[in-house]
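Written below as structure tokens is the structure these notes are about.
The values are calculated or read from the model by the stated rules, or taken from the named source; none is laboratory data. On a predicted model such as this, the values are computed, not experimentally measured, just so you know. All Cβ positions, even for glycine, are placed from backbone atoms using ideal geometry, and neighbour counts span all protein chains on display. Please note that ligands, DNA and RNA were not included when accessible areas were found on the heavy atoms of the full protein model with its side chains. Shrake-Rupley method; radii C 1.70, N 1.55, O 1.52, S 1.80 Å.
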Amino acid sequence: MIQPLTDAKPYTLTPGSNGVIETQTLEVSIGPQHPSTHGVFRMDCVLDGESVVALKPVMGYLHRNHEQLAERMAWLGSMPYTDRLDYFNSMTNNWAYALAVEKLAGIKVPDRAEYIRVIMAELTRLLNHSCVIGFMLQDLGAWGTPLLYAFRERERILDLYEAVSGSRMMCNYMRFGGVRVNLTDENLATAKDIATRFPRFLDEFEKLLTNNEVLLARTQRVGVLPKELAINAGISGPMARASGVDYDLRKVDKYGVYGRLEFRVPLGDIGDVYDRYYIRVLEMRESIKILQQALRDIPQGPHIAPEVKLRNFKIPPGDGYGRIEGPKGELGFYLVSDEGGKQPYRYHVRPPSFINLTILEDMCVGHKVADVVVILGSVDIVLGEVDR
Amino acid sequence: MGFIGKGLFEGMVVTARNFVGSYFDKERLVTVQYPEERVQVPENSRTFPFLVFDKDSDPVASMRCVACKICEVECPPQCIYIVMDRDEKGKPQQRPKVFDIDISVCMQCQICVEVCPFDAIKMDNNYEKSQYGRFDELVEHLPELLKSNEFYNKIKPTEATAVDAKLKADAEKKAKKAAPAAKPAATAAKPAAPAAPKPAPVAAPTAKIAIPDDAPFTPEQRQWLSGYLSTVAASGVAPAAAAPVAGTPAAPATEAPAGNWPWHDPGLGMQRRLDLAKETPIADKLMAAMAQTDCHACGYDCRGYADAIATGAETDLSLCLPGEAETANMLKKLMQEAGKL
Amino acid sequence: MEAIEKIKEIAAQAVPAAKIEIINSTPAAQQPALLVDREHIYAVGKFFKEDPRFQMDFCSCVTAVDYLPKADKSGCIEVVYHLYSVAQKQGPIVLKVRAPRELDQCRVPSLTPLWRACEFQEREAYDLYGVKFDGHPDLRRILMWDEFVDHPMRKDYVPPPDYEWEPTPHDDTLQRAVEEGGIMPPTAREELEKAKKK
Ligand code: SF4
Ligand code: SF4
């Protein structure tokens with residue numbers, strides 16, 4: 001029989017022998033089907049009331065053994081698969097793989113191709129950072145507004161990608177020794193147009209967000225990542241720089257033609273979620289500077305090294321590691337070639353967002369469960385890359 | 001710093017401006033009411049591959065694909081399946097009988113297009129391909145895959161024009177190469193001439209010797225050969241100059257202009273080709289065992305691959321994709337016969 | 001940074017007991033590695049991390065490679081660490097350590113106590129290659145599910161049959177799907193049966 005509500009006994013809390021109410025910790029599994037996990041990702045949280053006591057990330061739901069697939073096909077065959085690692089930034093993934101292979105095989109890339117790569121990579125950084133901020137604010141409860149503003153801007157970049165490479169997200173654009181198709185003047189004009197428009201969008205975006213009291217209250221001093229821990233845990237990209245780690249591979253390795261371009265590396269000092277938000281805004285501004293220089297300086301010439309064969313491409317035995325500064329951090333490829341050299345013997349991806357998750361627990365412990373999603377949002381993960 | 005809530009207020013102004021602006025400003029309103037409205041896709045845009053044919057009257061005969069299977073091998077997710085067409089006698093027809101692309105697996109990467117040496121496969125830009133099933137419905141067969149060159153020109157004008165120009169230039173070059181090839185052959189007596197297919201008529205001192213129609217010669221060659229043999233037969237002198245040349249490995253075959261080897265004709269069967277190359281050095285015999293498509297599937301042309309095997313630069317005997325197992329086995333056999341294996 | 005021979009010398013001085021060997025990369029890549037024996041990899045790693053000349057504070061990439069036994073040499077699992085220095089902006093120093101392929105002997109010391117960066121990556125190497133890292137605080141599977149038994153990235157791993165019928169690889173996959181009762185449309189099954197009878 002269902003008791004009428006009025007008859008229900010009032011629930012009382014009885015203090016224990018020491019006068020304190022005894023409570024239990026609660027284990028909550030956030031995800032894998034949760035919109036704030038940016039895909040199929042799970043966090044096993046132990047909560048004390050609302051605060052996080054422990055948190056273990058659980059991943060692998062999207063695991064498809066990308067590395068083994070690559071070890072079963074020719075070098076070129078994995079290029080389209082790298083698009084699907086971090087499906088937001090296929091251009092930089094392509095570049096990282098091409099760079100690693102070029103390093104192993106000792107291929108010299110023509111100048112124009114290098115500039116095209118820089119242009120594409122910086123456009124990718126723009127679209128990634130603006131969307132990440134959008135997603136993070138979505139997790140904060142800003143609903144779609146900032147995200148859709150970001151998507152509107154991203155649309156222009158994707159249109160350019162489609163016009164150049166044929167596809168909006170799965171570009172498959174880079175080749176060993178260059179890029180697949182040359183940029184036409186029309187494409188360059190579009191890129192210039194994007195570069196001139198983007199600051200306006202950024203200004204608007206910042207007006208919407210940077211001083212917003214709600215954003216400040218929710219993000220400042222939340223999920224602090226100390227500098228030493230960031231270095232020790234191999235954190236890279238905007239996340240490390242928000243903690244004040246001065247490490248940008250574009251400056252350190254000077255791969256491509258970054259050595260010739262002038263830009264600064266913004267650094268945060270506290271390493272909280274707000275810093276990670278703001279560092280991305282600043283990085284976008286630097287990216288625009290790089291874009292403008294690259295568009296100004298791009299030389300004429302071949303877009304691909306002519307001696308590189310498309311088929312029957314071989315690499316002498318040995319190994320090597322090539323890495324670039326992807327929008328999410330250091331994206332590296334460790335490749336081993338053995339006798340024959342027609343396909344990778346070992347193909348390993350060093351995915352930045354996977355390694356950046358290492359310290360998720362450290363950042364979340366002590367915060368409220370509602371902050372966990374914000375912290376995760378500020379890490380900037382893409383599950384295609386985490387799980388591979 | 002202003003009052004508390006200034007940031008919020010400013011944000012509101014931004015959203016309000018966007019909201020109102022979306023009614024007037026094209027920049028702020030970017031959505032399209034699909035499917036009533038459609039955006040024009042850029043020319044480069046790609047979805048799934050299709051096969052190009054040249055003549056509307058006979059798509060199957062005029063398709064550019066020669067079933068060399070390069071795309072089948074190179075396709076990263078392995079979604080292409082090709083069976084070469086053969087006539088009743090089992091002679092390869094240089095075109096696919098079955099050409100399937102499983103578009104549920106195809107990842108639109110365009111690698112098949114890039115590796116095809118014959119410009120036979122290109123990317124479509126039709127993005128509306130939904131089906132009611134996920135098995136057979138999503139496998140495209142030859143009839144669906146074949147699209148005309150006009151269609152290709154329509155969807156990708158710039159690219160198609162360039163391809164057309166390239167193909168035309170190639171054809172012209174080939175024709176030009178074939179034309180002078182006949183002339184020097186007359187003086188230098190290239191291996192091609194003496195190795196003519198079983199020139200039994202030589203014995204018969206008829207005035208005119210006809211070269212069989214299916215013999216692998218260009219019209220010019222045929223004319224010359226016919227004349228040559230006729231004069232030889234008429235004078236009653238054996239082609240003295242020619243006979244020794246045929247047997248000597250002295251003349252490195254690579255010097256001969258392409259297309260001047262009698263067996264270099266994909267229309268001939270394997271046995272026929274080998275017969276034609278019977279008296280020749282090992283490299284030529286090996287070459288005769290290839291599929292003769294010059295498709296570069298092996299990384300060389302037919303000549304180059306044969307030379308590479310003969311010199312030992314290439315040890316893999318299974319690289320000739322269009323020749324399938326037949327060629328691989330024959331290569332092995334020939335190498336064993338020559339004592340090189 | 002110094003030449004690899006010099007680095008090797010310095011490391012050998014610091015950890016005298018360690019057996020260190022140089023392994024070359026591809027000629028173009030020029031990233032020679034130091035192969036260190038299992039007993040001393042931790043000490044060598046610690047030295048590179050703490051020595052002021054190197055200060056390798058950033059462990060970028062950790063992975064394993066499976067070398068099958070060949071006619072002339074026995075197989076091994078090689079764990080590769082790529083170290084960089086954020087403080088001095090130099091690198092990489094590549095450390096390699098080898099363990100036998102047999103699952104029960106496939107153990108190497110974990111470098112997670114030195115670099116947190118190794119935590120997930122060593123877990124991944126354990127998951128996919130079966131390398132056990134002694135001293136790892138939390139060595140569990142990371143990408144595969146917990147009940148999974150094998151280590152799928154090993155070169156001799158045989159994947160279980162894929163029952164889902166895919167038209168693409170055609171004949172043999174199809175054949176297998178029929179034999180093992182995979183999912184496939186009825187038409188395909190009929191056709192295949194017909195072909196079999198013929
Ligand atoms: S690569 Fe060969 S089989 Fe494939 S479409 Fe081109 S000609 Fe046909
Ligand atoms: S586009 Fe890529 S996946 Fe599709 S058939 Fe061609 S090579 Fe295969």
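A few remarks follow.
- Selection of region C:108-126 for residues being part of a loop (DSSP other than H, G, I, E, B), touching a strand residue (DSSP E or B) at 6+ places or on another chain (Cβ under 8 Å) and either open to solvent by 10 Å² or more (accessible area, probe 1.4 Å) or more than 8 Å from every other protein chain (Cβ to nearest Cβ) (or both) yields C:Ser110, C:Leu111, C:Thr112, C:Leu114.
- For region B:20-30, the set of residues classified as more than 9 Å from chain A (Cβ to nearest Cβ), open to solvent by 60 Å² or more (accessible area, probe 1.4 Å) and either under 24 Å from A:Met170 (Cα atoms) or outside any loop (DSSP other than H, G, I, E, B) (or both) consists of B:Val20, B:Tyr23, B:Phe24, listed by residue number.
- Evaluation of B:Leu317 against (1) in contact with a helix residue (DSSP H, G or I) (Cβ under 7 Å, 6 or more places away or on another chain); (2) assigned to a helix (DSSP H, G or I); (3) open to solvent by 20 Å² or more (accessible area, probe 1.4 Å); (4) modelled with pLDDT of 75 or more (one fails), failing number: (2)
- Some residue of region B:4-11 being touching a strand residue (DSSP E or B) at 6+ places or on another chain (Cβ under 8 Å), facing chain A (nearest Cβ under 8 Å) and farther than 19 Å from B:Gln94 by Cα: no
- Residue check for B:Cys109: farther than 30 Å from B:Gln271 by Cβ, surrounded by 23 or more Cβ atoms within 10 Å (Cβ to Cβ), without any contact (Cβ under 8 Å) to a residue 40 or more places away in the chain and more than 13 Å from ligand 1 (Cβ to nearest atom): yes
- Screening B:Ser104 on (1) within 13 Å of ligand 2 (Cβ to nearest atom); (2) over 15 Å from B:Leu145 (Cα atoms); (3) touching a residue at least 24 places away in the same chain (Cβ under 8 Å) shows it passes everything except condition (2).
- Hey, C:Asp138 more than 10 Å from chain A (Cβ to nearest Cβ) and at pLDDT below 90 or not: no
- Restricted to strands (runs of 3 or more DSSP E) entirely inside region A:291-369, those with at least 3 residues that are away from chain C (no Cβ under 11 Å) and buried (at least 18 other Cβ atoms within 10 Å of the Cβ) are A:318-326.
- Single residue of A:Gly106, A:Gly141, A:Gly134, A:Gly177 found to be on the phi > 0 side of the Ramachandran plot and either crowded, with 19+ Cβ neighbours inside 10 Å or among the hydroxyl-bearing types (Ser, Thr, Tyr) (or both): A:Gly177
- Any hit, region A:373-382, residues being of a type in the set (D, E, K, R) and on the phi < 0 side of the Ramachandran plot: no
- The set of residues in region C:7-59 that are more than 10 Å from chain A (Cβ to nearest Cβ), of a type in the set (Gly, Ala, Ser) and closer than 27 Å to A:Gly329 by Cβ contains only C:Gly45.
- Note on region C:1-107: enclosed strands (runs of 3 or more DSSP E) holding 3 or more residues that are surrounded by 18 or more Cβ atoms within 10 Å (Cβ to Cβ) are C:33-36, C:58-67, C:76-85, C:90-99.
- Unique match (being in contact with a helix residue (DSSP H, G or I) (Cβ under 6 Å, 6 or more places away or on another chain) and closer than 26 Å to A:Ser337 by Cβ) among C:Ala33, C:Ala64, C:Ala11: C:Ala64
- Evaluation of B:Asp102 against (1) open to solvent by less than 20 Å² (accessible area, probe 1.4 Å); (2) at the interface with chain A (Cβ under 9 Å from one of its Cβ atoms); (3) within 30 Å of A:Glu71 (Cβ to Cβ) (one fails), failing number: (2)
- Boolean, B:Gly323 is modelled with pLDDT under 80 and surrounded by fewer than 24 Cβ atoms within 10 Å (Cβ to Cβ): no
- Number of positions in region C:131-153 that are surrounded by fewer than 23 Cβ atoms within 10 Å (Cβ to Cβ) and part of a loop (DSSP other than H, G, I, E, B): 16
- Some residue of region B:117-131 being more than 16 Å from ligand 2 (Cβ to nearest atom), touching a residue at least 24 places away in the same chain (Cβ under 8 Å) and either under 29 Å from A:Ser78 (Cβ atoms) or buried (at least 18 other Cβ atoms within 10 Å of the Cβ) (or both): no
- Residue under evaluation A:Glu283, criteria (1) within 30 Å of A:Glu339 (Cα to Cα); (2) in contact with a His (Cβ under 9 Å, 6 or more places away or on another chain), criterion not met: (1)
- Of all residues in region B:78-92, those that are within 16 Å of ligand 2 (Cβ to nearest atom), open to solvent by 30 Å² or more (accessible area, probe 1.4 Å) and either in contact (Cβ under 8 Å) with a residue 24 or more places away in the chain or more than 20 Å from the chain's Cα centre (by Cα) (or both) total 1.
- Selection status of A:Val101, within 13 Å of chain C (Cβ to nearest Cβ), open to solvent by less than 30 Å² (accessible area, probe 1.4 Å) and either in a helix (DSSP H, G or I) or touching a Cys at 6+ places or on another chain (Cβ under 7 Å) (or both): yes
- Number of the condition not met by A:Ala233 [criteria: (1) more than 9 Å from every other protein chain (Cβ to nearest Cβ); (2) surrounded by 24 or more Cβ atoms within 10 Å (Cβ to Cβ)]: (1)
- Qualifying residue in region A:264-287 (condition: of a type in the set (Asp, Glu) and open to solvent by less than 10 Å² (accessible area, probe 1.4 Å)): yes
- Among the residues of region B:19-74, those that are farther than 20 Å from B:Asn126 by Cβ, within 21 Å of the chain's Cα centre (by Cα) and away from ligand 2 (no atom under 16 Å from the Cβ) comprise B:Asp54, B:Lys55, B:Asp58, B:Val60, B:Ala61, B:Ser62, B:Val66.
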